[in-house]
Amino acid sequence: MSWEFSTDPEFQTQLDWMDEFVRDEIEPLDLLFGHQTFHPLDDALRSIVNPLKDQVRDRGLWACHLGPELGGQGYGQVKLSLMNEILGRSQWASQIFGTQAPDTGNAEIIAHYGTEAQKERYLIPLLGGELFSSYSMTEPQGGSDPSLFETTAQRDGNEWVINGWKFFSSNARTSSFLIVMALTDTETDVYHGMSMFLVPTDTAGITFERHIGLMGEPRGEGMHALIHYDNVRVPLDGLLGGEGQAFAIAQTRLGGGRVHHAMRTVGMAQRALDMMCERAISRKTRDGTLAGKQSVQDAVADSYIELKQFRLFVLYVAWCIDQSHDARAVRKDIAAIKVLTPQVLHNIVQRSMQIHGALGVSNEMPLGGLWVAAAVMGLVDGPTEVHRTTVARQVLKAYQPVEGLWPSQHLPARLEAAREKFAAYLEHEVGNL
Ligand SMILES: Cc1cc2nc3c(=O)[nH]c(=O)nc-3n(C[C@H](O)[C@H](O)[C@H](O)COP(=O)(O)OP(=O)(O)OC[C@H]3O[C@@H](n4cnc5c(N)ncnc54)[C@H](O)[C@@H]3O)c2cc1C
């Protein structure tokens with residue numbers, strides 16, 4: 001019997017330290033410099049941020065998504081889950097712990113598929129935590145359906161020449177390099193005809209057409225770029241992995257990334273629930289507090305139950321990845337938690353906002369940001385509907401169609417089979433009646 005839900009005491013000490021460190025040292029940064037996350041550090045901010053990173057390194061908690069060969073602890077996904085629940089509460093925390101998306105996923109694929117020279121040029125500085133990267137896949141005319149992608153990379157002598165448009169490339173404007181997906185073989189389908197390229201962001205021919213922000217953010221200063229690649233020349237050694245391998249590589253990246261989003265979302269949802277509970281027991285009504293009202297109790301109970309289920313599911317998926325060391329082997333359940341992630345966060349944040357009344361929808365509480373985060377979670381790394389389809393397809397694979405007209409659980413046939421099985425006994429019993 002090996003079911004186990006406890007955290008080993010030594011690691012719990014680390015989590016307790018993280019909990020305090022994030023609350024006391026990092027959350028104040030969110031309040032003052034939240035808009036500067038994912039921007040290269042200026043000297044003033046570096047003098048604050050670097051000592052915090054040093055403390056994380058000293059505790060052996062830097063870049064814990066990585067194996068020891070790349071400077072991480074090789075803790076595995078369950079421990080990372082518990083850590084990400086804490087980091088998910090804060091904008092700056094992932095960066096100060098060296099685990100921020102999309103750089104984590106980008107680092108993983110370079111580590112996995114990159115040449116030694118590519119690792120030297122891109123991976124080592126990325127892991128150092130000083131520069132940023134961007135993943136440039138979605139196009140203006142199609143995100144969910146890659147067969148609509150049109151950006152091409154054509155071979156010209158010793159170079160690849162990239163042409164096309166990319167949409168919502170996060171952090172591109174502050175990145176040092178972009179990972180671009182482009183069609184290198186238009187004769188075959190996109191799943192075998194697309195390749196991935198490592199492209200320095202300052203390469204000639206790259207134009208940021210717009211810096212798109214999320215709702216509520218000022219126009220033109222957002223972090224999600226619409227990019228025009230116009231005859232962008234990349235040397236042959238800019239190809240990541242082999243020609244036509246982009247989708248295989250993307251799956252490596254996106255599978256793990258989706259789980260990391262879910263882990264951080266547990267932390268965000270817990271934060272919204274904490275706010276809800278504190279408000280419920282604090283806000284007075286004529287006959288007590290909000291916590292005495294049944295509808296408020298429903299909101300608290302439903303939120304607690306949904307979060308508990310979600311958290312256990314995320315930890316289970318993390319455990320499965322630790323067992324198989326392959327996110328693709330857990331595809332069905334990764335897709336399932338990807339469907340749950342926006343749903344659970346949205347439900348809990350929405351209830352928390354409602355219970356806070358006007359304050360809940362104001363800019364004096366952090367709930368608006370969490371509410372947008374829930375909507376974002378339903379789109380990043382593929383929309384909910386697509387993941388729901390994956391879950392259904394994978395679930396259905398385990399079943400066989402029944403021969404004939406009636407379902408295998410049809411009671412008349414099962415009753416007949418049961419009678420046959422116990423025919424001798426039934427005959428004896430009946431005979432003795
Ligand atoms: C905050 C944020 C950051 C992002 N960062 C990046 C990034 O760094 N790099 C990058 O390349 N992309 C990024 N994206 C883009 C993201 O991957 C896409 O938004 C996503 O894949 C959906 O594509 P789309 O927006 O074009 O929506 P569409 O493909 O137009 O889909 C719109 C809607 O149509 C419905 N739909 C689509 N397909 C199906 C289907 N098969 N079945 C049922 N319904 C369907 C869904 O409701 C879906 O939400 C980011 C997006 C957000 C919101």
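Numbers below:
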item: Mean Cα-pair separation over length for segment 144-280, i.e. relative contact order, pairs under 8 Å, 6 or more apart, %; result: 26
item: Fraction of beta bridges assigned by DSSP in the chain that are antiparallel (%, nearest 5); result: 85
item: Per-selection Kirkwood Rh - segment 289-329 (Cα, Å, 1 d.p.); result: 12.2
item: Charge-dipole axis of segment 146-255 as Lys and Arg at +1 and Asp and Glu at -1 on Cβ define it, positive-most pick from Met215, Asn171, Thr184; result: Met215
item: Inter-centroid distance (Cα atoms) of segment 207-236 relative to segment 351-427, Å; result: 38
item: Per residue value of the accessible surface for the chain (all protein chains in place, 1.4 Å probe), Å²; result: 53
item: Cα centroid separation, segment 300-335 to segment 10-52 (Å); result: 27
item: Radius, Kirkwood style, for the chain when every pair of distinct Cα atoms is counted (Å); result: 24.2
item: Cα gyration tensor shape of segment 124-266, rounded if a/c is under 1.5, else prolate or oblate by comparing a/b with b/c; result: rounded
item: Peptides ranked, highest mean first, by Cβ atoms within 10 Å: ranges 206-214, 315-323; result: 315-323, 206-214
item: Under-5 Å amide H pairs with Gly241, H placed in peptide plane, nonlocal only; result: Thr115
item: Angle in degrees between helix 294-324 and the longest Cα principal axis of the chain, rounded to the nearest 10; result: 70
item: Assigned charges on the beta-carbon of Lys, Arg, Asp, Glu; segment 268-327 dipole about Cα centre (debye); result: 440
item: Calculated diffusion of segment 47-88, Stokes-Einstein form, Kirkwood radius summed over Cα pairs, 20 °C and 1.002 mPa s, µm²/s; result: 198
item: Most to least packed among 18-29, 93-104, 225-236 [average Cβ atoms within 10 Å]; result: 93-104, 225-236, 18-29
item: Given charges at beta-carbon only (K, R positive; D, E negative), |dipole| of the chain in Debye; result: 1040
item: Nearby aspartates and glutamates by direct alpha-carbon distance to Lys166 (threshold 12 angstrom, same-chain neighbours under 8 apart not counted); result: Glu139, Glu150, Glu209, Asp230
item: Anchor Lys332: lysines whose Cα lies under 16 Å away (excluding residues fewer than 8 positions away in-chain); result: Lys397
item: Qualifying chymotrypsin sites (Phe, Trp or Tyr not before Pro) for segment 334-432 [loop in DSSP, other Cβ within 10 Å: at most 15]; result: Tyr399, Phe422
item: Cleavage-rule hits (GluC sites (Glu not before Pro)) in segment 341-433: DSSP loop, at most 15 neighbouring Cβ within 10 angstrom; result: Glu364, Glu403
item: The chain: calculated mean residue ellipticity at 222 nm from DSSP helix runs of at least 4, using -39500 (n - 2.57); result: -15500 deg cm²/dmol
item: Two-decimal log10 I(q)/I(0) for segment 48-157, as the Debye equation yields it once each C-alpha is a single scatterer, q = 0.13, 0.18, 0.21 Å⁻¹; result: -0.60, -0.96, -1.16
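The values are calculated or read from the model by the stated rules, or taken from the named source; none is laboratory data. The shown structure was predicted, so the numbers you read here are calculated from the model rather than taken from an experiment. Counting neighbours? That spans all protein chains shown, and the Cβs are built from the backbone with ideal geometry, glycine included. The protein model used for the area step is the full one, side chains on, heavy atoms only, and it has no ligands, DNA or RNA in it. Shrake-Rupley method; radii C 1.70, N 1.55, O 1.52, S 1.80 Å.
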